[in-house]
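The values are calculated or read from the model by the stated rules, or taken from the named source; none is laboratory data. None of these values were measured; they are calculated from a predicted model. Because the Cβ atoms are built from the backbone with ideal geometry, glycine has one as well, and the counts that use them run over all protein chains shown. Please note that ligands, DNA and RNA were not included when accessible areas were found on the heavy atoms of the full protein model with its side chains. Shrake-Rupley method; radii C 1.70, N 1.55, O 1.52, S 1.80 Å.
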Amino acid sequence: MNYFTFKQPYEEEGKTILEINVLPDKYCTFNCIYCPVSRTRFQHVRTDGFQHFEGLEDSLAELDVQIASTDPDLVFINSLGEAVFNDDLPKIISFIHDHHLPVRLLSNGYPLATEPCRSIANSCEEVIGEIKNWQEADFQMTQRPISGYTLAQYRNHLLSFRRQYPGKFIFEATIVKGYNDSPEAVNWLARLVAELQPDVLNILALTDKPFDRKLKISDERLREINEIVRSAASER
Ligand code: SF4
């Protein structure tokens, strides 16, 4: 049985993007208090281990249909958690490459420091890593990682992946009101961005409902943070 799900294809800079989820439920190293997946009917499994799901053949057949009907320029693997924990992800990526299409992979970035997750991500043309905290206590409280995981390691994992990744590295920083919108947090983020040197930088407010009511910063503060981080990072 097919377990992939697809979003309606959309345009991005003149290219058609086909977005695909390759997990039947949420499998993630974290269990963020503002996780949009947690508002859904899916099971939530906090893990850093590989999972095997029955139904790959049917799922790839459905992907084949979707590619044929939408004729995308890129396939974006954006799943209900960490797609790298699907032990069939290398086969899924190869299947997309066999259609002569590039792959963009979203990961929170924590698993990308170790093999085989690093090699799997390296096989994708584009990788998105992300961060939502700058202080350990907030990381533990709001992202609720697997026991023993730390923000310092998370930061180091992102840097170590980025230093060797040959593709297009996209970095997304989500600014969460009251957690990483202070001047000190913004400086910390600017230093991290300067070290990461992403090909694309996205600094975003948290907009998922209903969390946006308490955790979304104003558009003006988001603009300010964008300016501060981009200019500070380019000076370093
Ligand atoms: S990292 Fe993303 S998928 Fe995982 S718990 Fe947090 S918000 Fe949800």
**Report entry** Qualifying residue in the range 132-140 (condition: closer than 19 Å to Glu82 by Cβ, part of a strand (DSSP E or B) and in contact (Cβ under 8 Å) with a residue 40 or more places away in the chain)
**Finding:** no
Requested in this report: Identify the residue in the range 67-92 that is in a helix (DSSP H, G or I), open to solvent by less than 40 Å² (accessible area, probe 1.4 Å) and more than 16 Å from the ligand (Cβ to nearest atom) and, among all such residues, is farthest from Leu106 (Cα to Cα).
Outcome: Thr70
**Report entry** Conditions (1) open to solvent by 40 Å² or more (accessible area, probe 1.4 Å); (2) without any contact (Cβ under 8 Å) to a residue 24 or more places away in the chain; (3) part of a helix (DSSP H, G or I); number of the one not met by Asn187
**Finding:** (2)
Query raised in the report: Restricting attention to the range 139-164, which residues are farther than 26 Å from Ser119 by Cα and open to solvent by less than 30 Å² (accessible area, probe 1.4 Å)?
Result: Phe139, Thr142
Query raised in the report: Counting only residues that are at pLDDT 95 or above and hydrophobic (A, V, I, L, M, F, W, C), which one in the range 41-56 is farthest from the ligand (Cβ to nearest atom)?
Result: Leu56
Report task. Run down Asp208, Asp181 and say which single residue is in contact with a strand residue (DSSP E or B) (Cβ under 6 Å, 6 or more places away or on another chain), in a loop (DSSP other than H, G, I, E, B) and not hydrophobic (A, V, I, L, M, F, W, C). Result -> Asp181
**Report entry** Residue within the range 72-88 that is in contact with a helix residue (DSSP H, G or I) (Cβ under 6 Å, 6 or more places away or on another chain) and modelled with pLDDT under 95 present
**Finding:** yes
Requested in this report: Pull up the range 11-40, narrow it to residues that are away from the ligand (no atom under 15 Å from the Cβ) and not in a strand (DSSP E or B), then point me to the one that is most open to solvent (accessible area, probe 1.4 Å).
Outcome: Glu13
Requested in this report: Report, by residue number, each residue of the range 125-153 that is within 14 Å of the chain's Cα centre (by Cα) and either more than 11 Å from the ligand (Cβ to nearest atom) or under 16 Å from Phe169 (Cβ atoms) (or both).
Outcome: Glu126, Val127, Ile128, Gly129, Glu130, Ile131
Requested in this report: Among the residues of the range 117-131, write down those that are farther than 19 Å from Ile96 by Cβ and buried (at least 22 other Cβ atoms within 10 Å of the Cβ).
Outcome: Gly129, Ile131
